[in-house]
């Protein structure tokens with residue numbers, strides 16, 4: 001709400017500047033500088049209005065959010081190009097002639113801006129191929145976070161600590177999109193060797209159902225008992241898993257650990273602790 005309010009205030013200020021500049025430019029229309037100022041203020045105001053309208057849209061799908069952020073980024077680039085070309089024409093400079101006469105210079109600049117072009121082209125390909133979208137949880141070069149914004153040149157990713165990483169689109173390689181499929185949360189719990197494992201396994205399905213019914217908002221299905229994971233030095237390790245959304249990959253394992261501990265205690269099974277056998281000779 002605060003951000004939208006700030007955007008609205010900026011829009012009002014820019015619109016007021018645009019109107020004032022155009023009124024002055026109308027009075028002094030022969031002055032090219034005033035005409036450029038009026039034109040630039042108007043273009044910026046229109047651009048901000050369109051971006052504000054896009055910001056008011058709240059698409060439910062990640063794909064829709066991606067299109068909104070891409071269009072907002074594109075509008076900024078287009079407005080800058082419009083101001084530049086229109087401003088030159090106001091000063092009496094033929095933009096078409098300039099473009100036609102600087103072919104060699106444009107070629108040199110093109111090589112210098114190779115990374116910029118690569119970022120833009122990669123961004124378009126990512127859009128068409130639907131590799132990831134705003135709201136998806138991705139991992140890039142060891143950095144894991146949620147895609148906050150996808151622009152023409154860059155992608156912003158926010159991790160669990162609210163740190164923002166800005167990555168050029170051309171560097172978005174070997175992406176691991178963790179939102180494409182359901183994720184798996186696992187938990188292990190040890191029981192003493194003296195436990196009657198067959199009786200415990202008979203009671204586990206009821207415990208799994210109880211845990212699921214308590215956390216249907218976090219778990220996509222009932223937790224599953226996978227079996228004996230390890231025969232440790234002090235006890236038998238049992239392994240459990242449950243399907244979840246990637247958003248809950250850190251929360252659900254803690255909940256599963258907690259509920260399994262309480263559930264096994266209610267069965268009369270305590271987790272073993274390290275033991276040391278001492279033999280006297």
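The values are calculated or read from the model by the stated rules, or taken from the named source; none is laboratory data. Here the structure is a predicted model, which is why all the values come from computation and not from measurement. Virtual Cβ from ideal backbone geometry, glycine too; neighbours counted across all protein chains shown.
Which one of these is outside the structural domain of residue 159 (by TED's automatic domain parsing) and either in contact (Cβ under 8 Å) with a residue 24 or more places away in the chain or not in a helix (DSSP H, G or I) (or both): 243, 198? Talk me through it step by step, then tell me what you get.
Working: 198 fails: either in contact (Cβ under 8 Å) with a residue 24 or more places away in the chain or not in a helix (DSSP H, G or I) (or both).
Unique residue meeting the criteria: 243.
Looking at (1) closer than 16 Å to residue 69 by Cα; (2) in contact with a helix residue (DSSP H, G or I) (Cβ under 6 Å, 6 or more places away or on another chain); (3) at pLDDT 85 or above, which is the only condition residue 153 fails?
(3)
Restricting to segment 166-193, what's the tally of residues that are part of a strand (DSSP E or B), within 13 Å of the chain's Cα centre (by Cα) and touching a residue at least 24 places away in the same chain (Cβ under 8 Å)?
3
So is residue 221 exposed (fewer than 14 other Cβ atoms within 10 Å of the Cβ) and assigned to a loop (DSSP other than H, G, I, E, B) or not?
Details: exposed (fewer than 14 other Cβ atoms within 10 Å of the Cβ): yes; assigned to a loop (DSSP other than H, G, I, E, B): yes.
For residue 221, the condition - exposed (fewer than 14 other Cβ atoms within 10 Å of the Cβ) and assigned to a loop (DSSP other than H, G, I, E, B) - is met.
Of the residues 88, 67, 84, 50, which single one is within 18 Å of residue 149 (Cβ to Cβ), in a helix (DSSP H, G or I) and more than 16 Å from the chain's Cα centre (by Cα)? Talk me through it step by step, then tell me what you get.
Details: 88 fails: within 18 Å of residue 149 (Cβ to Cβ); 67 fails: more than 16 Å from the chain's Cα centre (by Cα); 84 fails: within 18 Å of residue 149 (Cβ to Cβ).
Only one candidate passes the filter, namely 50.
One residue is enough: does segment 248-268 have a residue meeting the conditions out of contact with any strand residue (DSSP E or B) (no Cβ under 7 Å at 6 or more places or on another chain), outside the structural domain of residue 147 (by TED's automatic domain parsing) and part of a strand (DSSP E or B)?
No.
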